[in-house]
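Enquirer: First the structure, then my questions, so here it is.
Since every read-out is calculated from the coordinates, none of them should be taken as a lab result. Bear in mind the structure is a predicted one, so any value in this text is a computation, not a measurement. Every residue, glycine among them, receives a Cβ derived from its backbone with ideal geometry; neighbour counts consider all protein chains shown.
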Amino acid sequence: MKKWLMLLLAVMVAVVLAACTTSGSSDSGEQNDGGEEASGGEKVLKLNNGSEPTSLDPPIGFDSYSWNVLNNLMEGMTRLDESHEPAAATAEKWDVSEDGKVYTFHIREDANWSNGDPVTAGDFEFAWKRLVDPEVASPAAFLGYFIEGAEAYNNGEGSEDDVMVEAVDEKTLEVTLTAPTGYFLHVISNPAFFPINEEVQSENEEWFAEADSFVGNGPFQLAKWTHDSELVMEKNDEYWDADTVKLDKVEWAMVNDTNTEYQMYESGDLDTSDIPSEMSDELIDSENVVIEEQAGTHFYRFNVNEEPFTNEKIRKAFAMAVNQEEIVEYVTKNKEEPAYGFVSYGFTDPSGEDFRDKNGDLVEYDPEQAKQLLEEGMEEEGYEELPKVTLTYNTSDVNKSIAETFQSMYKENLDVDITLENTEWNVFLQDQKDLKHQLSRSSFLADYADPINFLESFTTDSSMNRTGWSNEEYDELIQQAKSESDEEQRFEYMYEAEKILFEEMPLFPIHFYNQVVLQKDEVENIVRHPVGYLELKWADKN
């Protein structure tokens with residue numbers, strides 16, 4: 001199970017060792033077979049993004065709604081290939097120093113922006129330093145901390161000049177890391193590391209906000225963007241590997257109701273669709289269903305600064321009163337696995353054991369103990385009556401069903417009535433960042449293939465924390481894991497850190513993600529990476 005990450009981590013060392021001789025692209029795809037084309041002689045793929053992208057500014061659009069689009073409009077030094085491994089992309093090759101800390105990337109001569117400008121090393125230097133610029137306040141800035149000087153700059157303790165990213169010449173970029181990082185080539189495939197055309201940015205700081213001003217360097221270019229309604233991409237003829245791209249156009253709808261999405265799929269207005277939960281039994285085993293792995297966790301955050309969740313026992317009570325198995329079996333019904341820890345399956349330690357199996361179940365459904373903990377917590381706080389509890393979720397029929405199930409479970413198991421509240425994605429996300437929620441729905445999709453990516457989200461200063469929780473020992477363990485070169489010891493640090501996370505319970509998990517999609521017969525080669533990026537470079541529609 002989850003073999004993709006086991007294979008990826010096993011080959012990562014070989015990728016790094018071989019990097020000094022890497023050249024060209026491992027991208028591949030079948031040639032157009034001349035099959036039946038879409039309307040007007042064009043191959044038009046029709047997809048649903050679910051919601052408006054948060055932003056198409058690479059360091060700001062740090063979520064799946066933005067990634068789906070960004071990953072196809074732009075490209076970094078590396079790109080995950082059809083086997084989910086980092087492959088040569090804008091960089092045709094790279095060198096790695098003997099100590100594993102200095103990477104030198106060589107950009108393709110034919111790598112161009114959609115406006116015809118050449119992609120330069122200076123564009124990457126500008127973008128990667130902007131990622132960690134404290135004024136930009138990127139939620140993805142922590143990914144840049146692998147680079148020497150980046151964390152200090154982002155925290156206001158250093159300068160931009162201290163960030164060890166340098167354009168040696170127009171097509172050569174040198175990067176120095178804080179420590180050898182075997183998965184660095186995977187990290188930089190994340191959209192947060194996409195380049196930015198520095199000249200375009202200097203002329204228009206909002207270049208990413210509209211279709212007519214957007215400039216990318218990926219397989220597609222942005223042709224139309226009707227905000228909160230529709231987004232259209234067209235094949236980018238300036239892309240260095242344009243011959244591989246088979247689709248002429250991709251039309252994205254923005255529908256956040258699964259039943260409406262399915263109706264659009266049935267009527268031919270969409271080529272793919274999620275399965276409405278009430279139709280899962282009927283559809284999930286059909287021949288048009290694609291089921292693939294995804295490294296991620298559906299979970300809920302407590303705001304530990306808001307009563308009653310300032311109390312650890314009350315947090316644990318609310319976590320243990322939720323039956324994860326019932327939710328995946330009767331509510332979501334997408335063959336997900338219930339989650340009893342935060343790090344998903346698929347990450348193998350040096351002994352060959354899966355991280356999740358090794359660290360075991362860290363929370364369990366136990367309504368009797370939950371009720372006892374609630375009573376003890378209320379007594380500690382001097383509550384005769386529990387303060388009002390509101391669960392907030394972003395608008396979605398599935399999220400609503402889960403929230404209503406929580407409401408029922410809390411009433412049955414704790415004799416607690418909770419209020420439900422829903423808001424649209426961008427409002428919800430900002431309020432969560434601002435700690436305005438008391439208890440809120442959350443999701444995590446891995447940014448790169450390593451357990452540390454899951455756990456680093458809950459360090460004190462992480463923009464991804466959004467709980468108000470802080471623990472010095474936890475922070476230290478994460479820091480040690482990031483700088484430790486001995487793999488066995490590195491995993492021990494991570495095992496211990498996850499246990500601390502659940503001892504204090506600023507969150508509780510529901511299930512690990514998978515990707516279950518209905519897909520038309522004529523659609524081929526959409527690559528859904530386990531780390532969360534949708535890949536259309538090789539997609540076709542016959």
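Enquirer: For the chain, report the % of Cα-Cα distances exceeding 37 Å.
Expert: Looking at the chain, the distances longer than 37 Å represent 30 percent of pairs.
Enquirer: If you put +1 on each Lys and Arg Cβ and -1 on each Asp and Glu Cβ, how big is the dipole of the stretch 373-495 around its Cα centre, in Debye rounded to 20?
Expert: 760
Enquirer: With Rg and the Kirkwood Rh both taken from Cα atoms, where does Rg over Rh land for the stretch 306-422?
Expert: Answer for the stretch 306-422: 1.02.
Enquirer: Calculate how steeply helix 121-131 sits against the longest principal axis of the alpha-carbon atoms of the chain, using the helix alpha-carbon long axis, and give the answer as 0 to 90 degrees to the nearest 10.
Expert: The angle comes out near 10 degrees.
Enquirer: From the phi angles alone, apply the Karplus equation (6.51, -1.76, 1.60; θ = phi - 60°) to the stretch 69-82 and give each ³J(HN,Hα) in whole Hz, x where the residue is Gly or Pro.
Expert: Listing the rounded values in order: 7, 4, 5, 9, 8, 9, 7, x, 4, 10, 9, 5, 8, 5 Hz.
Enquirer: Let me ask another. What is the spin-label model distance, in nm, from ILE284 to GLU379 if the labels are put 7 Å beyond Cα along the C-beta direction?
Expert: According to this spin-label approximation, the distance is 4.2 nm.
Enquirer: Two-decimal Rg/Rh of the stretch 288-349 from alpha-carbon positions, Kirkwood Rh?
Expert: Ratio value, two decimals: 1.06.
Enquirer: So how far apart, in nm, are the two label points at GLU307 and LYS436 if each is 7 Å from Cα heading toward Cβ?
Expert: Modelled inter-label distance: 2.2 nm.
Enquirer: How large is ³J(HN,Hα) for each residue in the stretch 368-382, as worked out from phi by the Karplus curve 6.51 cos²θ - 1.76 cosθ + 1.60 (θ = phi - 60°), to whole Hz, x for Gly and Pro?
Expert: Those phi angles translate into 5, 5, 4, 5, 5, 5, 5, 4, 5, x, 5, 5, 4, 8, x Hz.
Enquirer: Moving to a separate point now. What size of dipole, in debye to the nearest 20, comes out for the chain about its Cα centre when the only charges are +1 on Lys and Arg C-beta atoms and -1 on Asp and Glu C-beta atoms?
Expert: In total the dipole reaches around 360 debye.
Enquirer: Pull up the DSSP beta bridges for the chain and report the antiparallel fraction as a percent, rounded to 5.
Expert: 80
Enquirer: Hey, what number do you get for the chain at 222 nm if only DSSP H runs of n ≥ 4 count, each worth -39500 (n - 2.57), divided across all residues, to the nearest 500?
Expert: Computed mean residue ellipticity for the chain: -8500 deg cm²/dmol.
Enquirer: For the pairs LYS93/LYS129; LYS129/LYS482; LYS335/LYS433; LYS433/LYS537; LYS335/LYS499, flag any whose C-alpha to C-alpha distance is greater than 28 Å.
Expert: LYS335/LYS433; LYS433/LYS537
Enquirer: If I model the stretch 476-542 as equal point scatterers sitting on the Cα atoms and use the Debye formula, what is log10 I(q)/I(0) at q = 0.13, 0.17, 0.27 Å⁻¹?
Expert: Each listed q corresponds, in turn, to -0.66, -0.79, -1.13.
Enquirer: Return P(r) of the stretch 154-241 (all Cα-Cα pairs; 10 Å bins starting at 0; whole %; ordered from short to long distances).
Expert: 12, 33, 34, 18, 2
Enquirer: How big is D for the stretch 243-360, in µm² s⁻¹ as a whole number, if Stokes-Einstein is applied with the Kirkwood radius of its Cα pairs at 25 °C and 0.890 mPa s?
Expert: Translational diffusion coefficient: 135 µm²/s.
Enquirer: Then there is this: Translational diffusion coefficient of the stretch 127-284 at 25 °C, 0.890 mPa s, Stokes-Einstein with Kirkwood Rh over Cα pairs, in µm²/s as a whole number.
Expert: Once the numbers are plugged in, D ends up at 129 µm²/s.
Enquirer: Next question. What's the Kirkwood radius of the stretch 340-409 in Å, using all Cα pairs?
Expert: The answer is 15.7 Å.
Enquirer: Can you order the peptides 127-140, 148-161 by their average number of other Cβ atoms within 10 Å per residue, highest first?
Expert: Highest-to-lowest ranking by the protection proxy: 127-140, 148-161.
Enquirer: Next up: Working from Cα positions, state the angle (0 to 90°, nearest 10) between the long axis of helix 258-267 and the longest principal axis of the chain.
Expert: Roughly 40 degrees between the two axes.
Enquirer: Take the alpha carbon gyration tensor of the stretch 42-174, find the square roots of its eigenvalues, order them as a ≥ b ≥ c, and report rounded if a/c is under 1.5; if not, report prolate when a/b exceeds b/c, else oblate.
Expert: Oblate, because a/c is 1.5 or more while a/b does not exceed b/c.
Enquirer: I want to verify the translational diffusion coefficient of the stretch 462-508 in µm²/s; compute it with Stokes-Einstein, Rh as the Kirkwood radius over Cα pairs, at 25 °C and 0.890 mPa s.
Expert: The estimated diffusion coefficient comes to 219 µm²/s.
Enquirer: Which angle from 0 to 90°, rounded to the nearest 10, does the C-alpha axis of helix 472-483 make with the longest principal axis of the chain?
Expert: Roughly 30 degrees between the two axes.
Enquirer: Quick one: in the stretch 113-203, what % of C-alpha pairs are over 21 Å apart?
Expert: So the portion of pairs separated by more than 21 Å is 27 percent.
Enquirer: A further question on this structure: Calculate how large, on average over all directions, the projected area of the Cα convex hull of the stretch 404-528 is; give the answer in nm² to one decimal.
Expert: 11.4
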